[in-house]
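First up is the structure itself, then whatever we jot down about it.
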Amino acid sequence: MSPSPLPPGSTIGIIGGGQLGRMAALAAARLGYRVHIYCPEPDSPAAQVAAAATVAAYDDPAALEAFARAVDVVTFEFENIPADSVRLLASHVAVHPSWRVLEVAQDRIHEKRFFNDNGIATPPWRRVDGPAALHAAVAEIGRPAVLKTTRFGYDGKGQVKIGPGDDLEAAWAALAAPEAVLEGFVDFAGEVSVIVARGVDGGCAVFDPAWNVHTNHILDTSRVPAPIGPDLAAAAVDLAERCAVTLDLVGLLAVELFVTRDGRLLANEMAPRPHNSGHWTIDACVTDQFEQFVRAVCGLPLGSPERHSDAVMKNLIGAEIDTWPDILRDPGAKLHLYGKTEARAGRKMGHVTRLTPRRDP
Ligand code: AMP
């Protein structure tokens, strides 16, 4: 039997204070919940819109324990939290998704093993723990290839491309990590992502696949519908749903996939939380990813992920934020800003979504 739902008025604890936590807190507020944010930085984007905030390190046991006692459920807006911290939280309060899910998603090797063990294709990959292993892996996989740290990489950080003639010792030194994974470079036709919500009763609701374009390894635009045809779209949805079910996930899972030029899907990575490539759902779906996240974590029935419009979401990165007055003058544009004061290069400052009437191919 499913545990009884957490009623509105309860407090959701969110680990992490970025824009994902901010938009989750706004969705939670619409459903009558209070949100308590836990993150090391003061005045975080999420804390600005939350009922309460704890500013402390992710490995501070006293602060974690006080936080766990102050909330009715704990979830995450990012997955890189130490195992001991999750264990401590889980000894006091329900935690969704579980440590097992976070553990798989924290580490690129666990993640790739999970995909491959479940019959999901990935780019060819090898574990690498030093220059000798890198030489051997490059000999097997060939060039070009991408060397990635196994942990704590995001937006292309912790990645080195290895092209013809590139020095492998220098590539290993540039990564500055004890362990890495070498992946074959995929000359892809495009990238898609699928976001699936799974409730405590095991039911899933999946959003339409988004077509993602990255610039300098950072997501630039997500577009729906993805121009991949109904069969590949159905395969991508099925793949994401299988991952969520196999992980026994409660919450959200975003799965990022490469679409090869011969029409195959190769899994790149997954994240057990709301995802940048799902921001279009706020304006284009009956229930958006953040509300779905809140519903799943609180044990409520999931909403409809149906898309009522076609959409293009564009991230506003760094100085692109300066275009906000023009965006506001565009009657077809929906602006979302994250409350960050300093527009550093590569920093996600906001996004804009443009809707058009739904036209199914
Ligand atoms: P990641 O941090 O693994 O999501 O990588 C960020 C972006 O780098 C991806 O969305 C791709 O655009 C690109 N990328 C990562 N891995 C590969 C690969 N094996 N082949 C081609 N492009 C890649």
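Once you've got the GNM for the chain with C-alpha springs shorter than 10 Å, pick whichever of Gly16, Gly339, Gly142 has the biggest mean-square fluctuation.
Gly142
Pop a pseudo-label 7 angstrom from the Cα along the beta-carbon direction at both Leu31 and Arg113 and give the gap in nm to one decimal.
For Leu31 paired with Arg113, the spin-label model returns 3.4 nm.
Report the calculated FRET efficiency for Thr341 and Arg264 (r = Cβ-Cβ distance, R0 = 56 Å), to the nearest 0.05.
0.80
How would you order 119-127, 177-185 from highest to lowest mean count of nearby Cβ atoms within 10 Å?
My ranking of the peptides, most packed first, is 177-185, 119-127.
Counting each DSSP H run of 4 or more residues in the chain as -39500 (n - 2.57), what helix-only mean residue ellipticity at 222 nm follows after dividing by all residues, to the nearest 500 deg cm²/dmol?
-8500 deg cm²/dmol
Calculate, for Ala70 and Val286, the FRET efficiency according to 1/(1 + (r/R0)^6) with r their C-beta to C-beta distance and R0 30 Å; round to the nearest 0.05.
0.40
Could you give the radius of gyration (one decimal) and Dmax (whole number) of the Cα atoms in segment 124-184, in Å?
When restricted to the Cα atoms of segment 124-184, Rg and Dmax are 10.0, 28 Å.
Starting from the eigenvalues of the Cα gyration tensor, five times each then square-rooted, give me the equivalent ellipsoid semi-axes of segment 188-357, largest first, whole Å.
For segment 188-357, the ellipsoid semi-axes come out as 26, 19, 15 Å.
What Kirkwood hydrodynamic radius, in Å, does the chain give when the mean of 1/r is taken over all pairs of distinct Cα atoms and then inverted?
About 21.1 Å for the chain.
Arranged from highest to lowest average of other beta-carbon atoms within 10 Å per residue, in what order do the peptides 83-89, 248-254, 218-224 appear?
248-254, 218-224, 83-89
Only the coordinates and a few stated rules stand behind these numbers; no lab work does. Keep in mind that this is a model prediction, so the values were computed, not measured. Cβ sites come from the backbone with ideal geometry, for glycine too, and all protein chains shown count toward neighbours.
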